[in-house]
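One structure is given here, and the rest of the page talks about it.
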Ligand SMILES: Nc1ncnc2c1ncn2[C@@H]1O[C@H](COP(=O)(O)OP(=O)(O)OP(=O)(O)O)[C@@H](O)[C@H]1O
Ligand SMILES: [Mg+2]
């Protein structure tokens, strides 16, 4: 199993306050699987995956079991956790700006990781980044590599972080609203790229979105998260026919019209 989260509870401590956010979340992603995590804003989607990668410090109180490709992320020391994050998993963060160093050129940020962590020669790393930036549909990719994050639009940066995620050939991608800011055509192209990697090299993917209809069009299985609890899991085929929970029905009825007809 690439990702196995069992009975995850999480509470944030801020000053004297304790806010309980996740209440027993369990989910799995196997190689070759595309699993959806869907829920409204604030339901705990980003918190779930950030906790799974142990990206929180003392402010988060975590219980439960988290296994990433055989590593017990609760028991692992900080060095091991970092290794897992660097080589096994790619997190595509919801805010692409937060993922990129603002004072480094795009090309340097992306290529350096391939040099440092994966031992690639710099010219090879540059070639790989250029080819991936082209694949994700970034205009003028060579020029973009010399630019800084603030010189690119939100949609362009989103493509950059998707290229960065694919560059290290991860076994597992955690994609947090990673195609939400893109136009429908680009979104479809990028999802097709993900699907190709899932099919061809057994990539596992957890696809986070608030768009249940998009998730239903592409995922093998969908977990519906509400206020820190998975209230329903939908399976192919006929995901919506089997939807029981009233909250899932609300999501089914409230999806944007563009994806409703299965445009993607
Ligand atoms: N570092 C933090 N400290 C305290 N509370 C936090 C922290 N991060 C998130 N929260 C709270 O946890 C809850 C879940 O937030 P989270 O970001 O996981 O939601 P989400 O489902 O990803 O929403 P969105 O769709 O808007 O991205 C929210 O109430 C949020 O305020
Ligand atoms: Mg989020």
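The values are calculated or read from the model by the stated rules, or taken from the named source; none is laboratory data. Everything numeric here is computed off the predicted structure, so don't read it as measured data. Note: ideal-geometry Cβ built from the backbone for every residue, glycine included; neighbour counts use all protein chains shown.
Only one of (1) within 16 Å of ligand 1 (Cβ to nearest atom); (2) more than 14 Å from the chain's Cα centre (by Cα); (3) at pLDDT below 95 fails for residue 228. Which number is that?
So residue 228 meets the others, but not (3).
Looking only at region 19-34, count how many residues are surrounded by fewer than 22 Cβ atoms within 10 Å (Cβ to Cβ) and in contact (Cβ under 8 Å) with a residue 24 or more places away in the chain.
Number of matching residues: 11.
Need pairs with beta-carbon distance below 6 Å; first residue under 13 Å from residue 93 (Cα atoms) and within region 42-53, second near ligand 2 (Cβ under 8 Å from one of its atoms) and part of a loop (DSSP other than H, G, I, E, B); sequence gap 6+ or separate chains.
46/94
If residue 174 satisfies all but one of (1) in a strand (DSSP E or B); (2) surrounded by fewer than 17 Cβ atoms within 10 Å (Cβ to Cβ), what's the number of the condition it fails?
It is condition (2) that residue 174 fails.
Condition (residue is assigned to a loop (DSSP other than H, G, I, E, B), within 16 Å of ligand 1 (Cβ to nearest atom) and in contact (Cβ under 8 Å) with a residue 24 or more places away in the chain) applied to region 85-105: is it met by at least one residue?
Scanning region 85-105 turns up at least one residue that is assigned to a loop (DSSP other than H, G, I, E, B), within 16 Å of ligand 1 (Cβ to nearest atom) and in contact (Cβ under 8 Å) with a residue 24 or more places away in the chain.
Please determine whether any residue of region 144-163 is out of contact with any helix residue (DSSP H, G or I) (no Cβ under 8 Å at 6 or more places or on another chain) and closer than 26 Å to residue 198 by Cα.
No, the conditions are met nowhere in region 144-163.
In contact (Cβ under 8 Å) with a residue 40 or more places away in the chain, within 13 Å of ligand 1 (Cβ to nearest atom) and out of contact with any strand residue (DSSP E or B) (no Cβ under 6 Å at 6 or more places or on another chain): does that describe residue 13?
Values: in contact (Cβ under 8 Å) with a residue 40 or more places away in the chain: yes; within 13 Å of ligand 1 (Cβ to nearest atom): yes; out of contact with any strand residue (DSSP E or B) (no Cβ under 6 Å at 6 or more places or on another chain): yes.
For residue 13, the condition - in contact (Cβ under 8 Å) with a residue 40 or more places away in the chain, within 13 Å of ligand 1 (Cβ to nearest atom) and out of contact with any strand residue (DSSP E or B) (no Cβ under 6 Å at 6 or more places or on another chain) - is met.
I'm checking my understanding of the structure. Among residues of region 38-75 that are more than 16 Å from ligand 1 (Cβ to nearest atom) and part of a strand (DSSP E or B), which one is farthest from the chain's Cα centre (by Cα)? So that I can check it myself, show each step before the final result.
From region 38-75, those more than 16 Å from ligand 1 (Cβ to nearest atom) are 63, 65, 67-75; that's our starting set.
Going one step further and asking which of them are part of a strand (DSSP E or B), we end up with 63, 65, 67-68, 71-72.
Values: 63: 22, 65: 20, 67: 16, 68: 14, 71: 19, 72: 20 Å.
The qualifying residue farthest from the chain's Cα centre (by Cα) is 63.
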